[in-house]
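The values are calculated or read from the model by the stated rules, or taken from the named source; none is laboratory data. All of these numbers come straight from a predicted model, not from anything done at the bench. Quick reminder, even Gly has a Cβ in these numbers, built from the backbone with ideal geometry, and neighbours come from all protein chains shown. Surface areas here come from the heavy atoms of the whole protein model, side chains and all, with no ligands, DNA or RNA. Shrake-Rupley method; radii C 1.70, N 1.55, O 1.52, S 1.80 Å.
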Amino acid sequence: EKQGFRHYMLKEIYEQPGVIRAGLASYVSDAGWVNLGLTPDFLKGIDRVQILACGTSWHAGLVGKYLLEQVANIPTSVQYASEYRYAPPPVIPNTLVIGVTQSGETADTLAALELAKSRGDRCLGITNRTESSISRIADQILDTQAGIEIGVAATKTFVAQLLIFYLLTLELGINQQSISEAKAQNLIEGLRQLPAQIERILESQERYIEQLAHTFAHTKDFIYLGRGINFPIALEGSLKLKEISYIHAEGYPAGEMKHGPIALLDQDMPVVAIATPGTVYEKVLSNAQEARAREAQLIGVAPIDDPVAVDTFDHLLPIPVVDEILSPILTVIPLQLLAYHIAAHKGLDVDQPRNLAKSVTVE
Ligand code: F6R
């Protein structure tokens with residue numbers, strides 16, 4: 001069943017190019033038109049989006065907010081479902097509420113969506129299990145089509161959720177005429193390149209990351225830095241590490257480092273920085289250099305062909321240069337591998353980490 005992989009998690013990491021290919025084949029025509037199969041009325045007259053989720057799905061929602069606001073110009077909020085349940089914001093008409101849950105059974109997400117529905121909001125569910133409970137609550141459902149995920153730590157379902165957010169942003173943006181056709185075609189073209197780019201990252205980096213895992217297996221704490229659309233990936237990288245390797249890790253927006261976490265930095269606190277060319281590239285590199293000045297070991301997820309990046313980081317996990325909007329689907333890959341190999345090196349039960357379950361059906 002594991003098809004030669006040592007753990008399901010690693011198998012599922014390797015399934016990600018196929019997951020993106022399958023999602024594109026289902027939802028995008030050869031000519032590059034997005035059709036998510038939602039009824040036309042459902043996407044009309046939306047002034048605002050509210051995303052509700054937990055854990056890794058919440059991180060996908062944070063990337064979704066960035067896309068909906070920065071690409072389609074639609075005001076978007078993201079809240080933990082467990083917080084929204086007991087303190088929902090005032091009702092705003094024409095809000096589309098999106099519940100994101102790979103299992104479709106997370107108690108807090110279901111309750112939050114039920115509350116939104118009772119307040120009169122239209123509700124969309126994004127799930128990997130269309131037969132699950134969320135389908136009873138949401139008005140419409142989007143299937144992430146990642147196939148069953150067995151490893152408790154979400155990997156392929158996360159990139160599948162990201163893909164849905166790209167496509168939903170395109171569909172809404174085109175409906176609302178906030179995205180030009182040319183821009184949409186450009187993004188679709190970029191999405192189509194991703195599977196091969198993920199494959200290249202997996203092929204070229206796994207061995208190196210496995211070695212790196214030896215170096216860091218006994219580290220007690222990590223800090224992950226990202227900015228803009230890659231801030232959620234810093235959160236996701238640190239969550240993966242915590243969940244399966246039991247190493248304490250914190251994700252921060254890189255610009256916040258100097259407002260507190262910098263006090264933690266020394267030679268025993270490695271920093272993982274995600275630096276991708278675009279609006280905040282130089283800023284993240286300079287945040288990383290500040291960390292180096294405090295003797296932190298630096299691991300960089302960054303392009304290999306930039307001498308400044310090569311010079312800044314002690315350990316470079318290279319990714320190809322792409323439009324920064326598309327970069328999260330690539331930057332998360334080396335971080336999944338890093339968490340996986342550290343946990344595997346420590347001999348831990350990667351697929352069934354302690355105290356965690358694949359679906360959290362209690363509050
Ligand atoms: C992370 C992880 C959890 C889940 C969270 C939400 O690897 O597995 O953080 O993401 O429990 O689960 P779903 O998406 O099923 O609602």
Nearest 10, in degrees from 0 to 90: the angle of helix 107-118 to the longest Cα principal axis of the chain is 30 degrees
Looking at the chain, what % of its DSSP beta bridges pair antiparallel, to the nearest 5?
-> 5 percent
When DSSP assigns beta bridges and you keep just the ones with both residues in the range 266-329, what percent turn out antiparallel, to the nearest 5?
-> 0 percent
Using +1 on the beta carbon of Lys and Arg, -1 on that of Asp and Glu, and nothing else charged, what's the dipole of the chain about the Cα centre, debye to 20?
-> 460 debye
Order of exposure, largest accessible area first, which applies to Thr76, Thr279 with probe 1.4 Å = Thr279, Thr76
Rounded to 5, the percent of DSSP beta bridges in the range 2-149 classed as antiparallel = 5 percent
Picking from Ile325, Leu194, Val100, whose Cα lies most toward the positive end of the charge dipole for the chain (charges on Cβ: Lys, Arg +1; Asp, Glu -1)?
-> Val100
For Ser359, net neighbour charge (Lys/Arg +1, Asp/Glu -1) across residues whose Cβ lies under 12 Å away = -1
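Report, to two decimal places, the Cα Rg of the range 1-90 normalised by 2.2 N^0.38 Å (N = number of residues).
1.42
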Accessible-area value, His214, 1.4 Å probe, nucleic acids and ligands omitted, Å² = 100 Å²
What helix-only [θ] at 222 nm does the chain give? Using -39500 (n - 2.57) per DSSP H run of at least 4, over all residues, to the nearest 500, the answer is -14500 deg cm²/dmol
Place +1 on the Cβ of every Lys and Arg and -1 on the Cβ of every Asp and Glu in the range 224-363, take the dipole about the Cα centre, and give the residue among Pro277, Tyr224, Ala343 whose Cα lies farthest towards its positive end.
-> Ala343
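So what is the relative contact order for the range 41-120, in percent, with contacts set as C-alpha pairs under 8 Å and at least six apart? Before the final figure, lay out the partial values.
On the way: 112 pairs, mean separation 31.9, N = 80.
It comes to 40 percent, rounded to a whole number.
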Expressed in angstrom and ordered largest first, the alpha-carbon extents of the range 76-208 along the principal axes are 49, 39, 25
Estimated dipole of the range 1-127 in Debye, rounded to 20 [Cβ of Lys and Arg +1, of Asp and Glu -1, Cα centre] = 60 debye
Relative contact order (percent) for the chain, with alpha-carbon contacts under 8 angstrom and 6 or more residues of separation?
-> 19 percent
Loop GluC sites (Glu not before Pro), the range 77-132, which have at most 16 other Cβ atoms in a 10 Å radius of their Cβ (DSSP) = Glu131
Stokes-Einstein at 25 °C, 0.890 mPa s, Kirkwood radius from Cα pairs: D for the chain in µm² s⁻¹?
-> 119 µm²/s
Charge-dipole axis of the range 113-174 as Lys and Arg at +1 and Asp and Glu at -1 on Cβ define it, positive-most pick from Ile141, Leu113, Gly151 = Leu113
Find out how many positive minus negative residues lie around Val152, taking Lys and Arg as positive, Asp and Glu as negative, among other residues whose Cβ is under 12 Å from that of Val152.
-> -2
Going from most exposed to least, what order do Ser77, Ser245 have by accessible area with a 1.4 Å probe?
-> Ser77, Ser245
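Charges only on Cβ, +1 for Lys and Arg, -1 for Asp and Glu: so what's the dipole of the range 130-270 about the Cα centre, in debye to the nearest 20?
So the magnitude is around 180 debye.
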Kindly report, to the nearest 10 Å², the accessible surface of Ser135 as traced by a 1.4 Å probe over protein heavy atoms only.
-> 40 Å²
Loop-located trypsin sites (Lys or Arg not before Pro) in the range 256-363, at most 10 other Cβ atoms within 10 Å (DSSP) | Arg354
By accessible area of protein heavy atoms, probe 1.4 Å, what ranking do Tyr27, Tyr224 get, highest first?
-> Tyr27, Tyr224
With every protein chain in place, the accessible area of Val360 for a 1.4 Å probe, in Å² rounded to the nearest 10, comes to 80 Å²
Mind telling me which of Ala53, Ala31, Ala339 comes out most flexible in a GNM of the chain, alpha-carbon contacts under 10 Å?
-> Ala31
Using only Cα atoms, tell me the angle between helix 156-175 and the longest principal axis of the chain; keep it within 0 to 90° and round to the nearest 10.
-> 50 degrees
Take every Cα-Cα distance within the range 289-362, group them into 10 Å bins from 0 onward, and report for each bin the whole-number percent of pairs it holds.
-> 16, 33, 30, 17, 3
On Cα atoms only, tilt of 181-216 relative to the major axis of the chain in degrees | 40 degrees
